[in-house]
Amino acid sequence: PGWEFLTKSGWSATISPKLFYEDVSQAFELTDEAEVPVGSYTFAGLSGRIHTPGGNYLSGVFLVDAGSFYDGYRISLGYMPQWTIVPDLELSGMLQWNQVWFPVRDQKFLALLGQIRILATLSTKFSVSALFQYEAEEDSMVTNVRLRFNPVEGTDVYLVYNDGLNVDRSGKIPLPPLTSARALLLKINYTFNF
């Protein structure tokens, strides 16, 4: 269930309740400061989005998500701006602030996330997209660059490069490697017509 509205000028918003049930059979860490113990959890929240009018030079989405979280609470706020620089070049991003706390265990943490996306449509057959994501809690950056080639309708060839960087390695024992994961992938999608 939820509620949504749209104005004539292009503003829109949604708000919806969420209900989760999760059986945790093995405890896991969210961060060095907080973990989720074994148990059955039912938790609820409220999620909302506000979209500014699209089709402009600058548009965006405001996000809010709040409620219980396992045996604690969570508040998440975010903003996703989008700039259409020229018709074939789009720059977008995301800033997200997540506060999580578990009062019974006196555990809490703040997770900050930043993201930049670039999409360049070079022609009807070629496009390039790139994603750069920084996570403050882990002090890591993920890079994803994708080249798309569409030789004929129904066929797409992707060359994808992924890299995970450990941004701050100083003072850590043992010294982590500069990259935590690196991959170069070739992917082909073909649509069969029957």
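The values are calculated or read from the model by the stated rules, or taken from the named source; none is laboratory data. Not measured: the values here are computed from a predicted model. Neighbour counts run over all protein chains shown; Cβ positions are idealised from the backbone, glycine included. Heavy atoms of the whole protein, side chains included, go into the accessibility calculation; ligands, DNA and RNA do not. Shrake-Rupley method; radii C 1.70, N 1.55, O 1.52, S 1.80 Å.
Assorted remarks:
- Residue within segment 2-12 that is touching a residue at least 12 places away in the same chain (Cβ under 8 Å), open to solvent by less than 70 Å² (accessible area, probe 1.4 Å) and among the β-branched types (Val, Ile, Thr) present: no
- Evaluated against (1) among the polar types (S, T, N, Q); (2) surrounded by 15 or more Cβ atoms within 10 Å (Cβ to Cβ); (3) touching a Phe, Trp or Tyr at 6+ places or on another chain (Cβ under 9 Å), Ser47 falls short on exactly one condition, (3).
- Selection within segment 55-68: residues that are more than 19 Å from the chain's Cα centre (by Cα) and open to solvent by 60 Å² or more (accessible area, probe 1.4 Å). The member of this set that is farthest from Ser16 (Cα to Cα) is Tyr57.
- Scope segment 163-172; condition open to solvent by 70 Å² or more (accessible area, probe 1.4 Å) and under 19 Å from Gln133 (Cβ atoms); matching residues: Val167, Arg169
- Residue in segment 35-47 that is part of a strand (DSSP E or B) and within 30 Å of Ser129 (Cβ to Cβ) present: yes
Residue-by-condition table, conditions (1) open to solvent by 80 Å² or more (accessible area, probe 1.4 Å); (2) more than 22 Å from the chain's Cα centre (by Cα); (3) without any contact (Cβ under 8 Å) to a residue 40 or more places away in the chain:
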site	(1), (2), (3)
Thr14	no, no, yes
Phe20	yes, no, yes
Thr42	yes, yes, yes
His51	no, no, no
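- Annotation: of all residues in segment 173-190 being touching a strand residue (DSSP E or B) at 6+ places or on another chain (Cβ under 7 Å) and β-branched (Val, Ile, Thr), the one that is surrounded by the fewest Cβ atoms within 10 Å (Cβ to Cβ) is Ile188.
- Against the criterion of being open to solvent by 40 Å² or more (accessible area, probe 1.4 Å) and farther than 30 Å from Val36 by Cα, Thr124 qualifies.
- In segment 137-156, the residue that is nearest to Phe109 (Cα to Cα) out of those that are without any contact (Cβ under 8 Å) to a residue 40 or more places away in the chain and open to solvent by less than 40 Å² (accessible area, probe 1.4 Å) is Asp139.
- Segment 70-88, residues that are open to solvent by less than 60 Å² (accessible area, probe 1.4 Å) and either touching a residue at least 60 places away in the same chain (Cβ under 8 Å) or more than 30 Å from Glu22 (Cβ to Cβ) (or both): Pro81, Thr84
- Residue in segment 92-119 that is surrounded by the fewest Cβ atoms within 10 Å (Cβ to Cβ), counting only those that are over 15 Å from the mean Cα position of the chain (by Cα), aliphatic (A, V, I, L, M) and under 23 Å from Phe62 (Cα atoms): Leu110
- Where Leu30 falls short, out of the listed (1) surrounded by 14 or more Cβ atoms within 10 Å (Cβ to Cβ); (2) modelled with pLDDT under 90; (3) touching a strand residue (DSSP E or B) at 6+ places or on another chain (Cβ under 6 Å): (3)
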